[in-house]
Amino acid sequence: RVLRGRPRDLAGRKVVISAGGTREPIDPVRYIGNRSSGLQGYALARTAAARGAEVTVVAANVALPDPAGATVVRVESTAELRDAVLAAAPAADVVVMAAAVADFRPAVRHDSKIKKTDGEPEAIALVKNPDVLAELGELRRTALGPEVIVGFAAETDDVLANGQAKLARKGCDLLVVNQVGPGLAFGTPDNAAVVLVAGGEPVEVPRGPKEDVADAVWDVVASRLA
Ligand code: CTP
Ligand code: CA
(Lines give C-alpha, C1' and ligand atoms only; values in the text may rest on other atoms or scores of the structure.)
(Ligands and ions follow the chains in the order given, each with its own letter.)
Protein backbone atom coordinates (compact mmCIF):
# COMPACT_ATOMS: atom_id res chain seq x y z
CA ARG A 1 0.00 0.00 0.00
CA VAL A 2 1.35 3.38 -0.99
CA LEU A 3 0.89 6.01 1.66
CA ARG A 4 -0.01 9.43 0.29
CA GLY A 5 -1.33 12.68 1.58
CA ARG A 6 0.67 12.85 4.78
CA PRO A 7 2.46 15.92 6.10
CA ARG A 8 6.28 15.74 5.97
CA ASP A 9 6.36 16.85 9.59
CA LEU A 10 8.97 14.26 10.64
CA ALA A 11 11.49 15.23 7.95
CA GLY A 12 15.06 15.19 9.28
CA ARG A 13 14.00 13.31 12.43
CA LYS A 14 15.48 9.99 13.51
CA VAL A 15 12.92 7.55 14.84
CA VAL A 16 13.51 4.15 16.47
CA ILE A 17 10.57 1.76 16.76
CA SER A 18 10.58 -1.61 18.49
CA ALA A 19 8.05 -4.06 17.06
CA GLY A 20 6.89 -7.64 17.54
CA GLY A 21 7.35 -9.77 20.62
CA THR A 22 10.43 -11.09 22.38
CA ARG A 23 11.19 -14.80 22.90
CA GLU A 24 13.01 -16.01 25.97
CA PRO A 25 14.89 -19.26 25.39
CA ILE A 26 14.24 -22.30 27.60
CA ASP A 27 16.49 -24.68 25.68
CA PRO A 28 17.74 -24.84 22.04
CA VAL A 29 14.25 -25.63 20.70
CA ARG A 30 11.82 -23.91 23.09
CA TYR A 31 11.00 -20.43 24.24
CA ILE A 32 8.50 -18.37 26.19
CA GLY A 33 6.84 -15.91 23.82
CA ASN A 34 3.78 -13.76 23.34
CA ARG A 35 1.10 -12.99 20.76
CA SER A 36 2.45 -9.76 19.29
CA SER A 37 2.58 -9.86 15.47
CA GLY A 38 4.47 -6.61 14.83
CA LEU A 39 1.62 -5.15 12.75
CA GLN A 40 1.25 -2.01 14.90
CA GLY A 41 5.01 -1.40 15.04
CA TYR A 42 5.32 -1.84 11.27
CA ALA A 43 2.38 0.54 10.68
CA LEU A 44 4.25 3.08 12.83
CA ALA A 45 7.38 2.53 10.73
CA ARG A 46 5.61 2.94 7.36
CA THR A 47 3.74 6.05 8.42
CA ALA A 48 6.82 7.67 10.01
CA ALA A 49 8.78 7.06 6.79
CA ALA A 50 5.90 8.52 4.78
CA ARG A 51 6.04 11.61 7.01
CA GLY A 52 9.74 12.04 6.25
CA ALA A 53 11.47 10.37 9.22
CA GLU A 54 14.63 8.28 9.08
CA VAL A 55 13.31 5.04 10.58
CA THR A 56 15.05 2.16 12.35
CA VAL A 57 12.88 -0.79 13.36
CA VAL A 58 14.08 -3.22 16.02
CA ALA A 59 11.99 -6.23 15.02
CA ALA A 60 11.51 -9.06 17.51
CA ASN A 61 10.36 -12.19 15.69
CA VAL A 62 8.23 -10.41 13.11
CA ALA A 63 7.05 -12.47 10.12
CA LEU A 64 6.05 -9.55 7.88
CA PRO A 65 7.65 -7.91 4.83
CA ASP A 66 10.06 -5.09 5.78
CA PRO A 67 8.28 -1.74 6.05
CA ALA A 68 9.10 0.51 3.08
CA GLY A 69 11.77 3.10 3.79
CA ALA A 70 12.95 1.64 7.12
CA THR A 71 16.13 -0.08 8.31
CA VAL A 72 15.28 -3.33 10.11
CA VAL A 73 17.41 -4.81 12.92
CA ARG A 74 16.28 -8.32 13.83
CA VAL A 75 16.34 -9.57 17.42
CA GLU A 76 14.87 -12.46 19.38
CA SER A 77 15.24 -12.10 23.15
CA THR A 78 14.69 -9.14 25.43
CA ALA A 79 18.44 -8.92 26.02
CA GLU A 80 19.03 -8.55 22.26
CA LEU A 81 16.18 -6.06 21.89
CA ARG A 82 17.54 -4.00 24.79
CA ASP A 83 21.04 -3.89 23.26
CA ALA A 84 19.69 -2.80 19.85
CA VAL A 85 17.32 -0.15 21.23
CA LEU A 86 19.86 1.33 23.64
CA ALA A 87 22.51 1.40 20.89
CA ALA A 88 20.21 3.38 18.58
CA ALA A 89 18.55 5.61 21.21
CA PRO A 90 21.28 8.25 21.77
CA ALA A 91 21.12 9.35 18.11
CA ALA A 92 17.31 9.22 17.96
CA ASP A 93 14.83 12.08 18.35
CA VAL A 94 12.02 9.65 19.11
CA VAL A 95 11.84 6.09 20.45
CA VAL A 96 8.59 4.15 20.29
CA MET A 97 8.39 0.92 22.28
CA ALA A 98 5.64 -0.90 20.41
CA ALA A 99 7.18 -4.34 21.03
CA ALA A 100 5.69 -6.70 23.56
CA VAL A 101 8.71 -7.25 25.80
CA ALA A 102 8.77 -10.26 28.11
CA ASP A 103 8.68 -9.26 31.76
CA PHE A 104 10.40 -12.49 32.81
CA ARG A 105 12.82 -15.03 31.35
CA PRO A 106 13.85 -18.52 32.42
CA ALA A 107 16.59 -18.28 35.05
CA VAL A 108 18.52 -20.99 33.19
CA ARG A 109 18.88 -21.54 29.45
CA HIS A 110 19.60 -25.24 29.03
CA ASP A 111 22.32 -26.05 26.46
CA SER A 112 20.64 -29.35 25.56
CA LYS A 113 17.03 -30.12 24.84
CA ILE A 114 15.09 -30.94 28.00
CA LYS A 115 14.01 -34.57 27.73
CA LYS A 116 10.82 -36.22 28.88
CA THR A 117 11.40 -38.30 32.01
CA ASP A 118 9.24 -40.78 33.91
CA GLY A 119 8.12 -38.36 36.60
CA GLU A 120 6.56 -34.90 36.36
CA PRO A 121 8.75 -32.13 34.83
CA GLU A 122 10.67 -29.65 36.91
CA ALA A 123 9.20 -26.14 37.18
CA ILE A 124 10.84 -23.45 35.06
CA ALA A 125 12.20 -20.78 37.40
CA LEU A 126 11.84 -17.22 36.08
CA VAL A 127 13.82 -14.04 36.71
CA LYS A 128 12.85 -10.46 35.92
CA ASN A 129 13.93 -8.81 32.66
CA PRO A 130 15.20 -5.23 32.47
CA ASP A 131 12.49 -2.66 31.65
CA VAL A 132 13.76 -1.05 28.45
CA LEU A 133 11.17 1.73 28.41
CA ALA A 134 11.99 2.73 31.98
CA GLU A 135 15.71 2.65 31.10
CA LEU A 136 15.05 5.03 28.20
CA GLY A 137 13.34 7.38 30.65
CA GLU A 138 16.42 7.20 32.88
CA LEU A 139 18.73 7.79 29.91
CA ARG A 140 16.85 10.95 29.06
CA ARG A 141 17.35 12.33 32.54
CA THR A 142 21.09 12.24 31.78
CA ALA A 143 20.44 14.27 28.59
CA LEU A 144 21.54 11.37 26.34
CA GLY A 145 18.06 10.09 25.74
CA PRO A 146 15.62 10.78 22.90
CA GLU A 147 13.49 13.92 22.99
CA VAL A 148 10.22 12.01 22.86
CA ILE A 149 9.57 8.53 24.31
CA VAL A 150 6.43 6.58 23.49
CA GLY A 151 5.23 3.46 25.29
CA PHE A 152 2.44 1.02 24.54
CA ALA A 153 0.24 -0.89 26.93
CA ALA A 154 -2.27 -3.62 26.28
CA GLU A 155 -4.71 -3.86 29.15
CA THR A 156 -7.70 -6.08 29.79
CA ASP A 157 -9.18 -4.28 32.85
CA ASP A 158 -9.41 -0.69 34.13
CA VAL A 159 -7.80 0.34 30.87
CA LEU A 160 -7.54 4.11 31.40
CA ALA A 161 -6.66 4.07 35.10
CA ASN A 162 -3.94 1.46 34.53
CA GLY A 163 -2.69 3.46 31.55
CA GLN A 164 -2.38 6.75 33.44
CA ALA A 165 -0.51 5.05 36.27
CA LYS A 166 1.83 3.38 33.78
CA LEU A 167 2.50 6.65 31.92
CA ALA A 168 3.63 8.27 35.16
CA ARG A 169 5.62 5.23 36.33
CA LYS A 170 7.57 4.76 33.09
CA GLY A 171 8.51 8.41 32.61
CA CYS A 172 7.41 8.46 28.96
CA ASP A 173 5.69 11.30 27.08
CA LEU A 174 3.00 9.27 25.37
CA LEU A 175 1.43 5.96 26.26
CA VAL A 176 -0.78 4.23 23.72
CA VAL A 177 -3.32 2.12 25.57
CA ASN A 178 -5.09 -0.73 23.81
CA GLN A 179 -8.00 -2.66 25.08
CA VAL A 180 -7.34 -6.32 24.34
CA GLY A 181 -10.46 -8.09 23.18
CA PRO A 182 -12.23 -9.86 20.30
CA GLY A 183 -11.14 -8.51 16.90
CA LEU A 184 -8.75 -5.99 18.46
CA ALA A 185 -5.01 -5.75 19.04
CA PHE A 186 -3.04 -9.01 18.61
CA GLY A 187 -2.63 -10.21 15.05
CA THR A 188 -5.50 -8.17 13.60
CA PRO A 189 -5.18 -5.32 11.07
CA ASP A 190 -7.49 -3.15 13.18
CA ASN A 191 -6.91 -1.47 16.48
CA ALA A 192 -8.62 1.02 18.77
CA ALA A 193 -6.61 3.01 21.27
CA VAL A 194 -6.34 5.98 23.54
CA VAL A 195 -3.13 7.98 23.31
CA LEU A 196 -2.36 9.28 26.80
CA VAL A 197 -0.19 12.39 26.78
CA ALA A 198 1.91 13.55 29.75
CA GLY A 199 0.62 16.98 30.68
CA GLY A 200 -1.92 16.98 27.86
CA GLU A 201 -5.33 15.77 26.81
CA PRO A 202 -5.78 12.13 25.78
CA VAL A 203 -6.49 11.43 22.10
CA GLU A 204 -9.07 8.76 21.36
CA VAL A 205 -8.57 6.78 18.15
CA PRO A 206 -11.71 4.92 17.05
CA ARG A 207 -11.49 1.37 15.77
CA GLY A 208 -9.78 1.35 12.40
CA PRO A 209 -6.57 0.36 10.61
CA LYS A 210 -3.38 0.36 12.71
CA GLU A 211 -2.14 3.24 10.52
CA ASP A 212 -4.80 5.43 12.20
CA VAL A 213 -3.29 4.78 15.63
CA ALA A 214 0.18 5.37 14.15
CA ASP A 215 -0.79 8.71 12.60
CA ALA A 216 -2.43 9.84 15.84
CA VAL A 217 0.86 9.08 17.63
CA TRP A 218 2.93 10.98 15.03
CA ASP A 219 0.55 13.98 15.20
CA VAL A 220 1.27 14.37 18.92
CA VAL A 221 4.98 13.55 18.52
CA ALA A 222 5.41 16.12 15.72
CA SER A 223 3.76 18.82 17.82
CA ARG A 224 6.07 17.98 20.73
CA LEU A 225 9.17 18.14 18.54
CA ALA A 226 8.17 21.43 16.91
N1 CTP B 1 8.46 -2.68 28.20
C2 CTP B 1 9.85 -2.64 28.16
N3 CTP B 1 10.58 -3.59 28.82
C4 CTP B 1 9.96 -4.55 29.54
C5 CTP B 1 8.55 -4.60 29.58
C6 CTP B 1 7.82 -3.65 28.89
O7 CTP B 1 10.40 -1.75 27.52
N8 CTP B 1 10.70 -5.45 30.17
C9 CTP B 1 7.70 -1.62 27.49
C10 CTP B 1 6.78 -2.14 26.40
O11 CTP B 1 7.44 -2.15 25.16
C12 CTP B 1 5.66 -1.11 26.42
C13 CTP B 1 5.63 -0.63 27.86
O14 CTP B 1 6.88 -1.00 28.43
O15 CTP B 1 5.96 0.00 25.61
C16 CTP B 1 4.53 -1.14 28.70
O17 CTP B 1 4.56 -2.53 28.72
P18 CTP B 1 3.59 -3.29 29.69
O19 CTP B 1 3.83 -4.75 29.61
O20 CTP B 1 2.19 -2.80 29.45
O21 CTP B 1 4.04 -2.69 31.11
P22 CTP B 1 4.67 -3.36 32.37
O23 CTP B 1 5.38 -2.28 33.11
O24 CTP B 1 5.49 -4.54 32.00
O25 CTP B 1 3.41 -3.77 33.26
P26 CTP B 1 2.47 -5.10 33.27
O27 CTP B 1 2.93 -6.04 32.22
O28 CTP B 1 2.61 -5.64 34.65
O29 CTP B 1 1.08 -4.56 33.00
CA1 CA C 1 4.68 -6.34 30.83
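The values are calculated or read from the model by the stated rules, or taken from the named source; none is laboratory data. Predicted, not measured: the structure shown is a model, and the values here were computed from it. With ideal geometry, Cβ positions are generated from the backbone for all residues, glycine too; neighbour counts draw on all protein chains shown. For the accessible areas, the whole protein counts, side chains as well, though only heavy atoms, and no ligand, DNA or RNA atoms are used. Shrake-Rupley method; radii C 1.70, N 1.55, O 1.52, S 1.80 Å.
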Residue-normalised accessible area of the stretch 1-141, expressed per residue, 1.4 Å probe, Å²: 55 Å²
Compute the Rg/Rh shape ratio of the chain: radius of gyration over Kirkwood radius, all on alpha-carbon atoms. 0.99
Calculate the spin-label point distance for ALA79 paired with ARG35, positioning each point 7 Å from the Cα along the beta-carbon direction, and give it in nanometres. 2.9 nm
Could you list which residues have their amide H under 5 Å from that of ARG23, counting only those 5 or more apart in sequence or on another chain, with H placed in the peptide plane? SER77, THR78
Helix 210-225 sits off the longest principal axis of the Cα atoms of the chain, rounded to the nearest 10 on a 0 to 90 degree scale, by 60 degrees
Along the charge dipole of the chain, which of VAL58, THR78, LEU139 sits closest to the positive end, that is, farthest toward it, with unit charges on the beta carbon of Lys, Arg, Asp and Glu (+1, +1, -1, -1)? VAL58
Return one quarter of the surface area of the convex hull spanned by the alpha-carbon atoms of the stretch 43-101, equal to its mean projected area, in nm². 3.8 nm²
For the chain, which whole percent of the accessible surface, found with a 1.4 angstrom probe, sits on carbon and sulfur atoms? 51 percent
Subtract the Cα-Cα distance of ASN162 and SER223 from 0.36 nm times their separation in residues, and report this length gain in nm to one decimal. 19.4 nm
Students often get this wrong, so check it: of LYS115/LYS166; LYS166/LYS210; LYS116/LYS166, which have C-alpha atoms separated by over 29 Å? LYS115/LYS166; LYS116/LYS166
Sorting ILE26, ILE124 by accessible area (1.4 Å probe), largest first, what list results? ILE124, ILE26
Binned at 5 Å from zero, the C-alpha pair distances of the stretch 1-117 give percents of 2, 12, 21, 20, 16, 11, 7, 5, 3, 2, 1, 0, 0
Considering only DSSP beta bridges with both partners in the stretch 49-196, what is the antiparallel share in %, to the nearest 5? 30 percent
Stretchable slack from ARG207 to ARG169, in nm (0.36 nm times residue separation minus alpha-carbon distance): 11.0 nm
How big is D, in µm² s⁻¹, for the stretch 80-141 by Stokes-Einstein at 4 °C and 1.567 mPa s if Rh is the Kirkwood radius over C-alpha pairs? 89 µm²/s
Relative contact order of the chain, pairs being alpha-carbon contacts under 8 Å that are 6 or more residues apart, as %: 19 percent
Helix 39-50 vs. the chain, principal-axis angle (Cα, 0 to 90°, nearest 10): 30 degrees
Return one quarter of the surface area of the convex hull spanned by the alpha-carbon atoms of the stretch 127-226, equal to its mean projected area, in nm². 7.4 nm²
Report the paramagnetic label zone for THR142: residues of the stretch 37-78 whose backbone N is under 16 Å from a point 7 Å from Cα along the Cα-to-Cβ axis. none
Hey, what do the phi angles of the stretch 127-132 turn into as Karplus ³J(HN,Hα) couplings, whole Hz, using 6.51/-1.76/1.60 and θ = phi - 60°, x for Gly and Pro? 10, 6, 8, x, 9, 5
Lys/Arg +1, Asp/Glu -1 at C-beta; the chain dipole; positive extreme among LEU126, VAL176, GLY163: VAL176
Accessible area, 1.4 Å probe, largest first: how do THR117, THR78 sort? THR117, THR78
So, with +1 on the Cβ of K and R and -1 on the Cβ of D and E, and no other charges, what is the size of the charge dipole of the chain about its Cα centre, to the nearest 20 debye? 480 debye
If each residue of separation counts as 0.36 nm, what is the full-extension length gain between VAL180 and ASP27 once their alpha-carbon separation is subtracted? 52.1 nm
